[in-house]
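Beneath this line is the structure, given in C-alpha cells, with notes to follow.
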Amino acid sequence: MKTPLLELAAVSKHYEVAAAPLAGLLSERPKVRAVEGVSLSVAQGEIMGLVGESGSGKSTLGRLALLLEPPTAGSVRFAGADPQADLNAFRRRAQMVFQDPQSSLNRSKTVGEILAMPLQVHDVGASRVARRARVAELLTSVGLRADAATRYPHELSGGQRQRVGIARALAIEPAFIVLDEPTSALDVSIQAQIANLLVELQQRLALTYLFISHDLRLVRWLCDRVAVMYLGRIVETGSAAALWQAPRHPYAQALLAAATAERAAPSGIGGEVPSPIAPPPGCAFHPRCAFAGPRCAREVPASRGDAQTNVACHLYDGGVA
Amino acid sequence: MNRGKTIGRLLGIVRRDPLAAAAFLFLLLLAIAALFPEQIAAMSPNRPSRLRLLPPGDVYLFGTDQFGRDIFARCVHATSVSLLVGLTTVAIALLLGVPLGAIAAFRSPGKIDSGIMRTMDVLMAFPPIVLAIAVVAALGTQDIEIGPFTVPHITKVMVVIGLLNVPKVARIVRASVLVERNEQYVMAARAVGASEARVLFREVLPNCASPVAVYATLLVATSILTEASLSFLGLGIQPPQPSWGGMLADSRTYVMSGQWWLTVFPGLLIFLSVAAFNLAGDLLRDALDPAQITRRGDA
Amino acid sequence: MLESEPLFRVRNLTTRLNTEAGAIVPSDSVSFDIAAGEVLGLVGESGSGKSVTARASVRLQKPDDAIKAGELWFAGRDLRRLDAAQLRELRASEIAMIVQDPAAALNPVMTVGAQLTRVAREKGMSEQDAAARALELLVQLRIADPTRRLAAYPHELSGGMRQRVLIALALMCKPKLLIADEPTTALDVTVEADILSLLDALRRDLGMAMLLISHNLSVVARLCDRVAVMYAGRLVEIGPTPSVLADPRHPYTAALLASVPRGAKADGPLPAIPGEPPDLARLAPGCGFRARCAQAGPECEKPQTLQQVGDGRFSACWRAIA
C-alpha cells in the first residue's frame with residue numbers, strides 16, 4: 001500500500017448557530033454538525049473524489065483538510081506529520097482551487113498580481129524579473145497566453161478565469177490540491193477542457209487531488225477512489241470503478257441511479273435532507289432509506305472495511321433488525 | 001488598482017458630463033483660492049475702511065460689509081479654512097474609522113466587533129451639532145495651552161467634527177468588508193498562506209476603496225456644512241478670522257434692509273462647494289469600479 | 001413538421017438587445033413548433049440565447065428589446081396582434097412559466113397558500129374553490145403534509161419544495177403550455193430526478209405541452225419528445241430526442257455530447273470543444289460554430305439555415321444537408 005499523504009482521523013466540525021439576541025440565556029446553543037467523525041486517507045499521487053449533495057459537508061471537509069478552518073475534533077496529518085507544527089510549510093505544499101472563478105479572483109488585481117501574490121508570501125523568486133518569468137510560465141502551463149498577466153479578471157471568460165485559479169494554486173509547487181467543484185460553474189463545452197487540464201497537470205507534476213464534486217460521471221472519469229458523504233458523514237468509500245458498478249450504501253445507490261437515469265423516474269428516496277442541526281438518531285439516512293429497520297434508528301452504523309474500501313451501513317454489518 | 005486607468009476613466013466621464021466638468025473646475029478654483037488667497041484677493045480681509053456696505057462693483061467685486069471690509073477678500077480667505085476643516089476632519093474620520101470598521105468586520109461576530117460597533121452607535125446617537133456645541137462650550141473658544149503646545153481653537157473644532165464622523169466611516173467600511181469577506185478570493189489568499197493583516201489590508205480593503213472614497217467625498221461636504229453651522233452659531237472660527245458661516249451670522253441683520261451681497265456670496269459659496277463635493281462623489285463612484293462598465297454590458 | 005396545426009408555432013423570431021457592448025442578437029430567425037401535449041427541449045450554453053428566445057416567443061420582453069417575428073401563433077391566436085392586457089390575460093391562464101430560482105420567484109411575505117389562491121382568485125375562482133384547488137395540487141405534486149405547507153412561508157421550505165410550489169403556482173389555472181427555464185439546475189441530483197419525474201407525470205395526466213430550457217443534455221433526454229439545440233443565437237439542430245442524441249447531425253451537438261464524460265479513469269482525455277463561445281456582439285455571418293468546429297471549411301462562412309435532413313430532423317450544417 002502506498003503511504004497516505006493526507007490523513008483525516010475522526011474529524012468533526014460543528015458551527016454554533018448565529019447568536020440570537022437572547023441566545024446567551026439558553027443553556028446550550030444549537031450546533032450545526034457540518035462534519036461528524038470523518039476518517040479519510042488520500043495516498044500520494046491519488047485522485048480522491050468526494051461526492052455528496054448540498055449540505056453533505058463535502059466543501060467543509062475540503063477546508064478542514066487544508067486547515068482553513070480548525071476542526072472541532074479529530075486530527076489532520078499531512079505527509080506523516082502534524083501540519084499545525086509548521087503551518088507556513090504546509091501552505092506551500094497544500095493548495096486549493098475554488099468553485100466560482102468570478103469570486104475566487106480579486107477583481108481589483110491583475111492576473112499577474114494575483115499569480116505573484118503566493119510567490120511574495122512565500123518569498124519565492126528573488127527578483128521582480130524572476131517572478132514575472134514564473135508568472136508567464138504558470139500562465140502557459142494552464143493554457144493561457146503570457147500576456148494575460150496584464151488583464152483584469154473581468155476581462156476574461158469563465159473558463160479562462162478558472163485557469164488562472166488553477167495557476168494560482170500551482171504557483172508555489174504544491175504536492176496536494178483540494179479542488180472544490182472546479183468545473184460546476186462553467187459551461188458544458190468548457191468543463192471538459194478544464195477536466196482535461198486537471199488530469200494533465202496531475203500527471204505531469206505528480207500531484208495528489210481531493211476532488212469535490214456532485215457530478216458522478218466526472219468523478220468516475222477523473223478519480224481513483226471516491227468517498228460518498230451524507231449529512232456530515234462518509235457513508236461509503238471505494239474505488240471509482242467499484243462505486244460506479246456496484247455501490248453498496250443505499251444512499252450511494254440512489255445517488256448513482258439519479259445521476260445516470262435515462263428516463264424520468266423518481267429518485268426512490270423521498271422526503272428531504274434533514275437539518276444538520278438536529279440530524280436523525282442512528283443512521284442519519286434511515287428516514288429516507290427503503291431498507292431501514294429498527295436498528296438503523298437506534299445505532300449509528302460503524303464504518304466496516306479498511307481505509308481503502310468501507311461502508312457504514314447496518315445491512316453489511318449484521319442486519320437492520 | 002491601476003491609477004492611470006482610473007484617471008483616464010475620470011477624464012472620460014468629465015468629457016461626457018459637462019455638469020461634472022463644472023464641479024471639478026469649481027473645486028479646482030476653490031483649491032487655488034485656498035492655497036494663494038493673497039494673490040487672488042488684493043485687499044486685506046480684515047482691515048476695516050470707511051467704505052461701508054458698498055454694493056458689488058469694479059473695485060469691490062462682492063461689495064463691502066458693515067465694517068467696510070472687502071467681502072471678496074473675506075470669502076477667498078475663508079475658503080482655506082473651510083477646505084482645511086473639510087479635508088482634515090475627513091482625514092481624521094478615515095484614519096480612525098477605516099481600521100476600526102475593518103477590524104470589527106474581520107472579527108465579526110464576536111466581542112471585539114460588538115464592542116467597537118456599540119461604541120460607534122453611542123457616538124452616532126448624539127445629534128452632531130448639539131454634541132459639537134457641548135464640546136466647544138466645555139472647552140471654550142480660546143486656544144488651549146497644553147504644556148509647551150498651544151492647541152488653536154480651530155484644531156479643537158476639527159477634532160470634534162472629525163471624531164463625530166468616525167462612526168459613519170466605520171460603518172461603511174465594516175459593511176463593505178463584511179460583503180468582501182465572503183468572497184472566495186479571501187479564502188484563496190488564506191489558503192496560499194497570506195497573513196490576516198495582508199488579507200485585510202492588501203486584498204480586502206482595496207476592494208472597499210470605492211464606496212469609502214465616495215463616502216469620504218460626500219463627508220467633506222457635510223463637514224464644511226457643520227463647520228459653517230458652528231461658525232454661524234459663534235462656536236467655530238472666531239472673528240475677526242473670516243469664515244463663510246461666520247460671515248452669514250454677521251450679516252443676518254442686513255438681509256431685510258436690502259444689502260443682499262453680505263449674505264448671498266458666502267451662502268452661495270457654501271452651497272456651491274457642498275454641491276461640487278457631492279457631484280464629485282458620484283463621479284468617483286463611476287470612475288473607481290473597473291468592472292462596472294463591462295459588467296453592465298453582460299446580457 | 002407536423003400535419004395538424006400545432007399548439008404553438010414560432011417562425012423567424014429575432015430579438016435584438018442594445019447593450020453597452022453594442023447591439024446583440026440573442027435569437028436570430030428561430031423557428032419551432034410545439035404540438036399539444038408535446039415537450040420540446042431547448043438546449044444551449046449560457047449566452048446561447050435560449051432563455052431570451054423562450055421569453056420573446058410569448059412576448060415577455062424588456063421594453064427596449066426589439067422583437068421581430070414572422071409568425072407567432074398560440075392556440076389559433078396571433079400573439080403579434082394581442083395588446084399588453086390580452087397578453088397578460090393569456091399568460092395568466094394558458095401559458096405558465098417556471099424559473100430557475102424559486103426563492104426569487106416566490107413572495108417572501110405571503111404564505112404558500114395565499115400565493116396559490118391569489119392566482120386563482122384573479123381568474124374569478126371562488127375562495128373555497130381556489131383553496132380546494134391549491135390543496136389538490138400540493139397532493140398531486142406529492143408534497144408531504146400539504147395542509148401545513150399551505151400555511152408556510154417560502155423561507156421555511158427547502159429548495160426542492162419551493163420548486164414544487166412554483167410548479168403548483170404555474171398549474172393553478174391549468175395552462176396549455178408550461179415554459180420551464182432550467183427548473184432543476186439549482187437542485188441536487190436526487191431532487192432533480194424527483195422533479196423531472198413529477199413534470200413527466202403532469203404532462204401525461206394533464207396533456208400539457210412544455211418548453212423545457214436546459215443546458216443539461218441528460219435532463220432533456222429524460223423528459224423531452226423533441227430537442228432543439230441553440231448556439232450563438234441560432235438553432236443549429238432540431239429533431240426527436242432519441243435520434244438526435246444517438247445520431248447528432250450538427251457538429252456542435254455531436255461535440256457537446258462527446259464532451260460529457262462517459263468512461264472510467266484512464267480512458268484518455270475528454271474530447272473537449274476547443275475555444276470559447278463567440279461574443280454575440282461580434283458575430284460574423286455564417287455558422288457561429290465554425291471557429292471551434294473540427295470540420296469547418298470555406299463553405300461555413302455562408303449563412304446556414306435549418307434544412308430537413310431526415311424524418312423530422314433538421315440541421316443547420318451544410319455537411320449534414322449535402
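Key figures for this structure:
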read-out: Solvent-accessible area buried by C and A, counting both chains, probe 1.4 angstrom, square angstrom; value: 3100
read-out: Alpha-carbon centroid distance for the pair segment C:82-126 / segment A:149-190, whole angstrom; value: 41
read-out: Under Karplus coefficients 6.51, -1.76 and 1.60, residue-wise ³J(HN,Hα) of segment C:204-214 in Hz, glycine/proline x; value: 6, 6, 9, x, 8, 7, 9, 10, 9, 9, 7
read-out: Convex hull of the protein assembly as shown built on C-alpha atoms - directionally averaged projected area, nm²; value: 50.7
read-out: Percent of alpha-carbon pairs separated by more than 21 Å within segment A:165-228; value: 18
read-out: Other-chain or far-sequence residues with amide H under 5 Å of A:F211's (modelled H); value: A:M48, A:G49, A:L50, A:L179
read-out: Normalised per residue, the volume of the convex hull around the Cα set of segment A:232-276 (Å³); value: 83
read-out: Test item: Cα-centred dipole of chain C, Lys/Arg +1 and Asp/Glu -1 on Cβ, debye; value: 260
read-out: Kirkwood Rh in Å, taken over segment B:1-110 so that all alpha-carbon pairs contribute; value: 17.6
read-out: Reciprocal mean inverse distance between Cα atoms of segment C:227-286 - Kirkwood radius, Å; value: 13.3
read-out: Cα long-axis angle, helix B:153-181 against chain B (0 to 90 degrees, to the nearest 10); value: 30
read-out: Cα centroid of segment B:246-266 to Cα centroid of segment B:145-217, whole Å; value: 40
read-out: With all protein chains modelled, accessible area of A:H286 [1.4 Å, Å²]; value: 40
read-out: Mean projected area in nm² (Cα convex hull; one quarter of hull surface) for chain C; value: 18.3
read-out: Gaussian network model of chain C, Cα within-10 Å springs - most flexible of C:Y153, C:Y252, C:Y231; value: C:Y153
read-out: Net charge dipole size for segment C:228-322 [Lys, Arg +1 and Asp, Glu -1 on Cβ; Debye, nearest 20]; value: 40
read-out: Descending principal axes extents, segment B:87-224, alpha-carbon based, whole Å; value: 56, 30, 29
read-out: Spatially proximal lysines relative to B:K156 (Cα-Cα < 19 Å; intrachain offsets below 8 disregarded); value: none
read-out: B:T217 accessible area, 1.4 Å probe, all protein chains in place, Å² to nearest 10; value: 20
read-out: Nearby lysines by direct alpha-carbon distance to A:K31 (threshold 26 angstrom, same-chain neighbours under 8 apart not counted); value: A:K13, A:K58, B:K111
read-out: Value of D in µm² per second that Stokes-Einstein yields for segment C:177-322, Kirkwood Rh from Cα pairs, at 10 °C (1.306 mPa s); value: 94
read-out: Options A:I277, A:I194, A:A241, ranked by Cα towards positive dipole end of segment A:190-283, top entry (Cβ charges); value: A:A241
read-out: Area projected by the alpha carbon convex hull of segment C:102-212, averaged over all directions, nm²; value: 6.5
read-out: Highest-fluctuation residue, C:I238, C:I24, C:I34 considered, GNM on chain C with Cα pairs under 10 Å; value: C:I24
read-out: Between 0 and 90°, nearest 10: helix B:128-139 axis offset from chain B longest Cα axis; value: 70
read-out: Kirkwood hydrodynamic radius (C-alpha pairs) into Stokes-Einstein, segment C:45-169, 4 °C and 1.567 mPa s, D in µm²/s; value: 79
read-out: Globularity ratio of segment A:99-248, using Cα Rg and 2.2 N^0.38 Å; value: 1.14
read-out: Trypsin sites (Lys or Arg not before Pro) within segment A:181-289: DSSP coil, no more than 11 neighbouring Cβ in 10 Å; value: A:R263
read-out: Rule-of-thumb Rg ratio for chain A [Cα; 2.2 N^0.38 Å; N residues]; value: 1.06
read-out: Probe 1.4 Å, protein heavy atoms only - accessible area per residue of the protein assembly as shown in square angstrom; value: 44
read-out: Kirkwood Rh, angstrom, segment A:21-157 [1 / mean 1/r, Cα pairs]; value: 18.4
read-out: Computed Rg/Rh of segment C:15-61, alpha carbon atoms with Kirkwood Rh; value: 1.01
read-out: All aspartates and glutamates inside 16 Å of C:K123 as judged from Cα atoms, apart from same-chain residues fewer than 8 positions distant; value: C:E89, C:E94
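The values are calculated or read from the model by the stated rules, or taken from the named source; none is laboratory data. As the structure is a prediction and not an experimental result, all values here were calculated from the model. Cβ sites come from the backbone with ideal geometry, for glycine too, and all protein chains shown count toward neighbours. Only protein heavy atoms, including side chains, enter the accessible area calculation; ligands, DNA and RNA are left aside. Shrake-Rupley method; radii C 1.70, N 1.55, O 1.52, S 1.80 Å.
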